[in-house]
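First up is the structure itself, then whatever we jot down about it.
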């Protein structure tokens, strides 16, 4: 059964027919991805370009029941097909290979070698250079020296086309949404799609929703993906058993099974080392071995991921072969790695957030290689996809895992806010909120409510929900007799009231917060409070007082080495100079603030500064430069996808809102 794959067909056809092409093309990919179907379709499609014939040989490298063919046996078959008498077929591999090359010399033939096990099986079968060779394999075969085409799962449209080719077009059109669900649950894997389509075709009374619902269960999805002699699980089991033939089989199997434990998409080398207990070097070798076997993919260096269905099979292997305690401890080590890395990222990017953590939350369980702000930014962006699933999985297991979920979310909150990933920040804290209440960790619960108030106030601007979280946080801090916590709640409350233009009430909350913070000796929080007070003063038209507070905050930030606080105050000073018409000073302050914003990785802040610079240079009739800055700002905001350009929370951005007096 063949459908779609037009881009793959076009590339492979070009490689095989180009007179200057490689002559050898290898299609590799995970079991069930449709290599043989593609190769067979392509061979028939281009057969007219090979007037001397087409050889097809199944090398049996992907069969659980049949042994891979020996090169001498394959050479014997092909030599006999070319007219050699049985008694004239050389028994030695090298002699038979030479004879095969001689007989194919000056012929234009296509040789399709399907299901190769490795390069050693294929290399003796190479014909004369006048011929072309197409090989399929579950493993990478770089030693053959030809072009490599890694076949990926089908796109959604290709998947629907395959379903439609078996199930009636009318049924697919009538339940297109359910057909899309089936395609996604099959992960675009042609074998899984073929099985799903065959089941639907054999049961015409089934609604598509019925099969889609059956496939929803991760525990039973592989059970549903079988029909007659076709089974997804069997296909993966064959690839898994091939690992036993590798000299590194023990490590490869260990890494494969442990990759079935996490519920997050990408595995890095340090995470694999934490899961398996192996060194990073041995873990990377194991991951690379799985990559060679096409049981994992590598979308970028040091990052590995499994197809969803392969992951389900790896999870089954882990449950069958790893004791409960080993699975529990493996995940615990992975969560501990993430916590340690998150603490280092926070220390480098947002020391204020680190001070919000209690002493036991600041104690790493292990080491993580994050040493500089650049490392911290790279780590955060590299692992962002995983962070919410990591915390969600940890939060589902009572005990030490759940504790780590709370600690990890707390450590990540500051850096995620800096990078503008408010949706992720909200998701993490929403996940852990029930755990903080259940474990009666008052400070953690109060802090979580404050973060959620910030996310609602700045992100979706849901004032009612934000105020509800603030009230709950303040009540918890008061019950714990934590005056510093109360001051932080007052600070968030005052900030929210500024957005609501309730300026007198906002001033009361902010001034009370500053007084408490100074008494308690919390200078980092005071930096933030001075900035929020300055924003309020600007809103009511008291620009001189606002600028005094910005200068005071900038000096205090410099004394503390608090770069992010310095960025906030310098950016606000730049905006004040701009509004006062002092463009030269505004540009200098903007440039200073921009360097700090980039250094600490505040993408939201970068966008706001660039937008302000665009407005400034527009007023100076420097149109080209103005457009450049604005386009850069919009690109950053679009990449984050959540925050408006009018939020008073981010000082360089808030200049887009009118200053009310």
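Of the residues that make up segment 610-623, is at least one within 19 Å of residue 635 (Cα to Cα) and at pLDDT below 85?
For segment 610-623, residues within 19 Å of residue 635 (Cα to Cα) and at pLDDT below 85: present.
I want to confirm something. Restricting to segment 475-495 and keeping residues that are surrounded by fewer than 24 Cβ atoms within 10 Å (Cβ to Cβ) and part of a helix (DSSP H, G or I), which single residue is nearest to the chain's Cα centre (by Cα)?
485
Listed here are the residues, each with its yes/no results for (1) out of contact with any strand residue (DSSP E or B) (no Cβ under 9 Å at 6 or more places or on another chain); (2) part of a loop (DSSP other than H, G, I, E, B); (3) without any contact (Cβ under 8 Å) to a residue 40 or more places away in the chain; (4) at positive phi.
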site: 342; (1), (2), (3), (4): yes, no, no, no
site: 347; (1), (2), (3), (4): yes, no, yes, no
site: 376; (1), (2), (3), (4): yes, no, no, no
site: 382; (1), (2), (3), (4): no, no, no, no
site: 388; (1), (2), (3), (4): yes, no, no, no
site: 391; (1), (2), (3), (4): yes, no, no, no
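Condition first: in contact with a helix residue (DSSP H, G or I) (Cβ under 9 Å, 6 or more places away or on another chain) and assigned to a loop (DSSP other than H, G, I, E, B). Now tell me which residues in segment 19-40 satisfy that.
The answer is 21, 22, 23, 29, 30, 31, 32, 33, 34.
Testing residue 597 on (1) more than 24 Å from residue 507 (Cβ to Cβ); (2) surrounded by 24 or more Cβ atoms within 10 Å (Cβ to Cβ); (3) at pLDDT 90 or above, one condition comes back false. Which one is that?
Answer for residue 597: the failing condition is (3).
In segment 289-310, how many residues are surrounded by fewer than 20 Cβ atoms within 10 Å (Cβ to Cβ), under 20 Å from residue 383 (Cβ atoms) and over 14 Å from the mean Cα position of the chain (by Cα)?
Counting residues in segment 289-310 that are surrounded by fewer than 20 Cβ atoms within 10 Å (Cβ to Cβ), under 20 Å from residue 383 (Cβ atoms) and over 14 Å from the mean Cα position of the chain (by Cα) gives 1.
On the basis of being more than 29 Å from the chain's Cα centre (by Cα), part of a helix (DSSP H, G or I) and buried (at least 18 other Cβ atoms within 10 Å of the Cβ), does residue 182 make the cut?
Considered against the rule, which asks whether it is more than 29 Å from the chain's Cα centre (by Cα), part of a helix (DSSP H, G or I) and buried (at least 18 other Cβ atoms within 10 Å of the Cβ), residue 182 comes out as no.
What is the one condition in (1) in contact with a helix residue (DSSP H, G or I) (Cβ under 7 Å, 6 or more places away or on another chain); (2) closer than 28 Å to residue 298 by Cβ that residue 78 does not satisfy?
(2)
Let's see how each residue does on (1) more than 30 Å from residue 237 (Cβ to Cβ); (2) in the same structural domain as residue 146 (by TED's automatic domain parsing); (3) not in a helix (DSSP H, G or I):
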{"residue": "62", "(1), (2), (3)": "no, yes, yes"}
{"residue": "65", "(1), (2), (3)": "no, yes, yes"}
{"residue": "75", "(1), (2), (3)": "yes, yes, no"}
{"residue": "83", "(1), (2), (3)": "yes, yes, yes"}
{"residue": "91", "(1), (2), (3)": "yes, yes, yes"}
{"residue": "99", "(1), (2), (3)": "yes, yes, no"}
{"residue": "112", "(1), (2), (3)": "no, yes, yes"}
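For segment 510-525, give me each residue that is in a helix (DSSP H, G or I) and surrounded by fewer than 24 Cβ atoms within 10 Å (Cβ to Cβ). Quick ask: steps written out before the conclusion?
Start the filter on segment 510-525 by keeping residues that are in a helix (DSSP H, G or I), which leaves 510-520, 523-525.
Across segment 510-525, the qualifying residues are 511, 512, 514, 515, 516, 518, 519, 520, 523, 524, 525.
Identify, please: which residue in segment 102-124 is over 18 Å from residue 243 (Cα atoms) and in contact (Cβ under 8 Å) with a residue 60 or more places away in the chain and is, among those, surrounded by the most Cβ atoms within 10 Å (Cβ to Cβ)?
In the first step, residues of segment 102-124 are kept if they are over 18 Å from residue 243 (Cα atoms); the result is 102-114, 122-124.
Keeping just the survivors that are in contact (Cβ under 8 Å) with a residue 60 or more places away in the chain gives 110, 112, 114, 122.
Working: 110: 21, 112: 20, 114: 21, 122: 25.
Only one residue tops the list, namely 122.
Could you grab me the full set of residues in segment 250-290 that are touching a strand residue (DSSP E or B) at 6+ places or on another chain (Cβ under 7 Å) and over 15 Å from residue 308 (Cα atoms)?
Residues satisfying the conditions are 268, 287.
For segment 41-51, what are the residues that are touching a residue at least 60 places away in the same chain (Cβ under 8 Å) and out of contact with any helix residue (DSSP H, G or I) (no Cβ under 8 Å at 6 or more places or on another chain)?
Answer for segment 41-51, where residues must be touching a residue at least 60 places away in the same chain (Cβ under 8 Å) and out of contact with any helix residue (DSSP H, G or I) (no Cβ under 8 Å at 6 or more places or on another chain): 43, 47, 50.
The values are calculated or read from the model by the stated rules, or taken from the named source; none is laboratory data. Bear in mind that the values here come from a model prediction, so they are computed numbers and not experimental data. Glycine also receives a Cβ, built like all others from the backbone with ideal geometry; neighbour counts cover every protein chain displayed.
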